[in-house]
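Here the structure comes first, spelled out in structure tokens, and everything after it is commentary.
The values are calculated or read from the model by the stated rules, or taken from the named source; none is laboratory data. Just so it is clear, the model here is predicted, and its values are computed rather than measured. Don't worry about glycine lacking a Cβ; one is built from the backbone with ideal geometry, like all the others, and counts go over all protein chains shown. The protein model used for the area step is the full one, side chains on, heavy atoms only, and it has no ligands, DNA or RNA in it. Shrake-Rupley method; radii C 1.70, N 1.55, O 1.52, S 1.80 Å.
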Amino acid sequence: DPVFVVGYNRRFAPLSVRMKAFFSGTEEPFALHYTMNAGYIPSSHWTQDSAIGGGRILGEACHLVDFMIFLTGAMPVSVNALALPDIGRYNEDNMSIQIKFSDGSVGTISYLANGDKSCEKERCEAFSGGKIAILNDFRTLETWSDGHHEKITSTKMDKGHAESWEAFIKAIRGKGARPIPANEILSGALCCFSAIKSVREN
């Protein structure tokens, strides 16, 4: 079978891997909240063109959906979304997306273009089985369990780009599994299409 992958690099980031390992053995569903302070991009930008970039939910929020699939190990089963009014400035890029997963987990994505770019861009909070983990801009990972708090700090922001390429190279050389299962890639994409449909059709 052919090996293919899309650029969902965040699941390969070193701190992401440690975050998932922290919850290993946890049998309860997750409550997840991922905030993306994406910043403003004008409607004339290519990413906003539905025929080229697909818009920011399809083009970037998809990474956050994939991260939740990675962390929970479960597939999305339902999606609901609300968006702020575009007021002639935005392009469906201030959106709150709520996802229910097959294991009962619930994820909320706040994808926002109306903030200040000087603030941190990404923050993921995860709660499950008496544990909490907060991943902040792929620079720090904080965990809490049994009254113990730990903070891991990376020397640089690392979103897993190199690791994702390494996994792909191993796979095409027959030395490793597919980096991302095809059903997870498809499910994440369908989730984003469903979020947009939810907003447009109320």
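Phe127 - would you say it is open to solvent by 40 Å² or more (accessible area, probe 1.4 Å), within 16 Å of Ser16 (Cα to Cα) and within 16 Å of the chain's Cα centre (by Cα)? Considered against the rule, which asks whether it is open to solvent by 40 Å² or more (accessible area, probe 1.4 Å), within 16 Å of Ser16 (Cα to Cα) and within 16 Å of the chain's Cα centre (by Cα), Phe127 comes out as yes. When each of Ile180, Ile132 is tested for being over 27 Å from Tyr40 (Cα atoms), of a type outside the set (Asp, Glu) and in contact with a Ser or Thr (Cβ under 8 Å, 6 or more places away or on another chain), the lone residue that passes is Ile132. Against the numbered list (1) open to solvent by less than 40 Å² (accessible area, probe 1.4 Å); (2) part of a helix (DSSP H, G or I), Leu58 comes up short only at (1). Within region 34-52, the set of residues being without any contact (Cβ under 8 Å) to a residue 12 or more places away in the chain and either in contact with a Gly (Cβ under 7 Å, 6 or more places away or on another chain) or closer than 23 Å to Gln98 by Cβ (or both) comprises just one member, Trp46.
This table checks each residue for (1) open to solvent by less than 50 Å² (accessible area, probe 1.4 Å); (2) touching a strand residue (DSSP E or B) at 6+ places or on another chain (Cβ under 9 Å); (3) outside any strand (DSSP E or B); (4) touching a residue at least 40 places away in the same chain (Cβ under 8 Å).
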| site | (1), (2), (3), (4) |
| --- | --- |
| Cys119 | no, yes, yes, yes |
| Ala133 | yes, yes, no, yes |
| Lys151 | no, yes, no, no |
| Phe168 | yes, no, yes, yes |
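Among the residues in region 111-118, are any farther than 21 Å from Ser16 by Cβ and hydroxyl-bearing (Ser, Thr, Tyr)? Within region 111-118, one or more residues are farther than 21 Å from Ser16 by Cβ and hydroxyl-bearing (Ser, Thr, Tyr).
Taken over region 92-117, residues that are more than 18 Å from Ala31 (Cα to Cα), part of a loop (DSSP other than H, G, I, E, B) and either open to solvent by less than 50 Å² (accessible area, probe 1.4 Å) or of a type in the set (Lys, Arg) (or both) amount to 6. Within region 171-196, being more than 19 Å from the chain's Cα centre (by Cα) and either among the β-branched types (Val, Ile, Thr) or modelled with pLDDT of 95 or more (or both) holds for one residue alone: Ile172.
Going through Arg89, Arg18 one at a time, which residue ends up being surrounded by fewer than 17 Cβ atoms within 10 Å (Cβ to Cβ), part of a helix (DSSP H, G or I) and at pLDDT 90 or above? I'd like the intermediate steps shown before the answer.
Working: Arg89 fails: part of a helix (DSSP H, G or I).
Only one candidate passes the filter, namely Arg18.
Residue selection: Lys197 fails the criterion of being surrounded by fewer than 16 Cβ atoms within 10 Å (Cβ to Cβ) and in a loop (DSSP other than H, G, I, E, B).
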